[in-house]
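Following: one structure in structure tokens, then a few remarks.
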Amino acid sequence: MYKITGNTIYYGRQYIDKADCEAVRDVLLSDLITTGPKAAELEQRLCSLTGARYAVAISNGTTALHAVCHAIGITAGDEVIITPMTFAASANCVLYCGGTPVFADIESDTYNISPKAVEKLITKHTRAVIAVDFTGQACKYDELNYICRRYNLVLIDDAAHSIGTKYNDKSIGNVADITTFSFHPVKTVTGGEGGAILTNNEGFYNKMKLFRSHSITRDPALMEYPTDDPYYYEQIDLGYNYRLTDFQSALIISQLDKLEMFAKRRREIVQQYNEAFSLLPQIIIQREIPQSDTVRHLYVIQLNYQMLQCTRREFFDALKEDGIFCNVHYIPVYYHPHYRKLGYKKGLCPVAEKVYEGFLTLPLYYSLTDDDVKRVIKSVKQAVIKYSKD
Ligand SMILES: Cc1ncc(COP(=O)(O)O)c(C=O)c1O
């Protein structure tokens, strides 16, 4: 067991202020607490933030991805190309619909999905590509959109990490056919739990909105057997209860009021880390592409084992001894036993597998102070000195 002390610095944490608490309290004391006016306001707010035409507030980032795969009609026999360097939910959504995730390797420096690798994997069964803006940095959307238009595929941006990021001056949320957000507590903006889907496609939007609430409608125009009865409704497809409550929506709206402030502080911390670690050849930092104006969710370093004589666990433990609790993002998805049972094997994506071996996620969150950042940098430097090869 790890010792958790008062001055432990974790890799991520939420920031909740008085305005957030008041926003939640106001909804709790109102008449409507599940999906209602605040969810609708959040949807409007996300459309204004991103420039996307339609938004669906939904219970979390995982259900957002499930709704997307349902809306685009993924079914048995369909293939969806996806990065392995992500949280399992990005690929599980394809399995939920009976489809087959096909893992495309990542770029060795940005760690995002490689458009070239995507193109090589396209078959007559491919229906969609799921790109993940790993750590908050936008993928190469010019290339991905070009490929998806050419082969008639749907481009999905799993933007769980990248709210606030821009690609070529366009907001994430409006650079792919469909985008999903997560509002989990370690994300830049949180609702405790929560998610959202953005699109400009009205057909997808209508399907996702129904799917969020059992695919039940009270709209006579959508019914098979419409009546005048005011209590009558119909379930016209298979759906789920993936609703977001209005008090979570209120919290997310209140957090969005602070997005600029969150983004500024995250950028400052990233700059301090980059300045310190770019001087250490034992540490490899993530390359930023100029097209991405990134709001970084995670700060991931790669241990350069050519210059370090230690395991990741030893390096992790050295920081832990100093009260700095790191994490690792991500175990390649197809390493998980569930995927192995489905027949996926190690060796599929050699770049992702190699960089994963050296990955370590350092603390990054709004309320990290300059002293905290200095402590992290000092601890990394000490570990580097301790483990450097002669
Ligand atoms: C890349 C990515 N996709 C999807 C998800 C799932 O989001 P949620 O936890 O809101 O279900 C996460 C959450 O950690 C994530 O990091």
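Details
- Qualifying residues in the stretch 147-197 (those that are in contact (Cβ under 8 Å) with a residue 12 or more places away in the chain and part of a helix (DSSP H, G or I)) - the one surrounded by the fewest Cβ atoms within 10 Å (Cβ to Cβ): Ile147
- Those residues of the stretch 79-97 which are more than 14 Å from the chain's Cα centre (by Cα) and within 20 Å of Asp237 (Cα to Cα), in sequence order: Val94, Leu95, Tyr96, Cys97
- Meets criteria (touching a His at 6+ places or on another chain (Cβ under 8 Å), surrounded by fewer than 23 Cβ atoms within 10 Å (Cβ to Cβ) and of a type in the set (A, V, I, L, M)) for Ala88: yes
- Index of the failed condition, Phe87 passing every other in (1) within 11 Å of the ligand (Cβ to nearest atom); (2) under 30 Å from Pro37 (Cα atoms): (2)
- The listed residue being within 16 Å of the ligand (Cβ to nearest atom), at pLDDT 95 or above, under 25 Å from the mean Cα position of the chain (by Cα) and among the basic types (Lys, Arg), out of Lys258, Lys207, Lys264, Lys187: Lys187
- Screening Arg266 on (1) assigned to a helix (DSSP H, G or I); (2) of a type outside the set (A, V, I, L, M); (3) open to solvent by 30 Å² or more (accessible area, probe 1.4 Å) shows it passes everything except condition (3).
- Enumeration of residues in the stretch 324-357 that are assigned to a loop (DSSP other than H, G, I, E, B), closer than 19 Å to Tyr305 by Cβ and open to solvent by 30 Å² or more (accessible area, probe 1.4 Å): Val328, Ile331, Lys346
- Verdict on Asn206 being open to solvent by 30 Å² or more (accessible area, probe 1.4 Å) and touching an Asp or Glu at 6+ places or on another chain (Cβ under 9 Å): no
- Against the conditions (1) assigned to a loop (DSSP other than H, G, I, E, B); (2) open to solvent by 80 Å² or more (accessible area, probe 1.4 Å); (3) under 17 Å from Gly194 (Cα atoms); (4) more than 16 Å from the ligand (Cβ to nearest atom), Asp31 satisfies every one except (3).
- You will find that of Ile289, Ile285, Ile324, the residue that is more than 19 Å from Ser108 (Cα to Cα) and of a type in the set (Val, Ile, Thr) is Ile324 and no other.
- In a residue-by-residue description of the stretch 217-235, the property of being among the β-branched types (Val, Ile, Thr), more than 16 Å from the ligand (Cβ to nearest atom), out of contact with any Leu (no Cβ under 8 Å at 6 or more places or on another chain) and open to solvent by 30 Å² or more (accessible area, probe 1.4 Å) applies to at least one position.
- When Ala76, Ala104, Ala64, Ala131 are screened for being touching a Ser or Thr at 6+ places or on another chain (Cβ under 9 Å) and surrounded by fewer than 20 Cβ atoms within 10 Å (Cβ to Cβ), only Ala76 passes.
- Within the stretch 288-313, the set of residues being among the aliphatic types (A, V, I, L, M), more than 23 Å from the chain's Cα centre (by Cα) and over 12 Å from Val355 (Cβ atoms) comprises Met307, Leu308.
- Leading residue by the ranking (surrounded by the fewest Cβ atoms within 10 Å (Cβ to Cβ)) among those in the stretch 358-371 that are in contact (Cβ under 8 Å) with a residue 60 or more places away in the chain and within 16 Å of Gln271 (Cβ to Cβ): Asp370
Yes or no, residue by residue, for (1) within 21 Å of Thr50 (Cβ to Cβ); (2) within 13 Å of the ligand (Cβ to nearest atom); (3) among the β-branched types (Val, Ile, Thr):
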{"site": "Ile81", "(1), (2), (3)": "no, no, yes"}
{"site": "Ala104", "(1), (2), (3)": "no, no, no"}
{"site": "Pro115", "(1), (2), (3)": "no, no, no"}
{"site": "Ala160", "(1), (2), (3)": "yes, yes, no"}
{"site": "Asn168", "(1), (2), (3)": "yes, no, no"}
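- Against the test of being over 19 Å from the mean Cα position of the chain (by Cα) and either more than 16 Å from the ligand (Cβ to nearest atom) or at pLDDT 95 or above (or both), the options Ile9, Ile58 yield a single qualifying residue, Ile9.
- Taken together, the residues in the stretch 269-281 that are of a type outside the set (A, V, I, L, M) and not in a helix (DSSP H, G or I) amount to 2.
The values are calculated or read from the model by the stated rules, or taken from the named source; none is laboratory data. What you see is a predicted model, and the numbers here were worked out from it, not measured in a lab. Using ideal geometry, Cβ is built from the backbone for each residue, glycine included, and neighbour counts are taken over all protein chains shown. Calculation scope for accessible area: heavy atoms of the full protein, side chains included, ligands and nucleic acids excluded. Shrake-Rupley method; radii C 1.70, N 1.55, O 1.52, S 1.80 Å.
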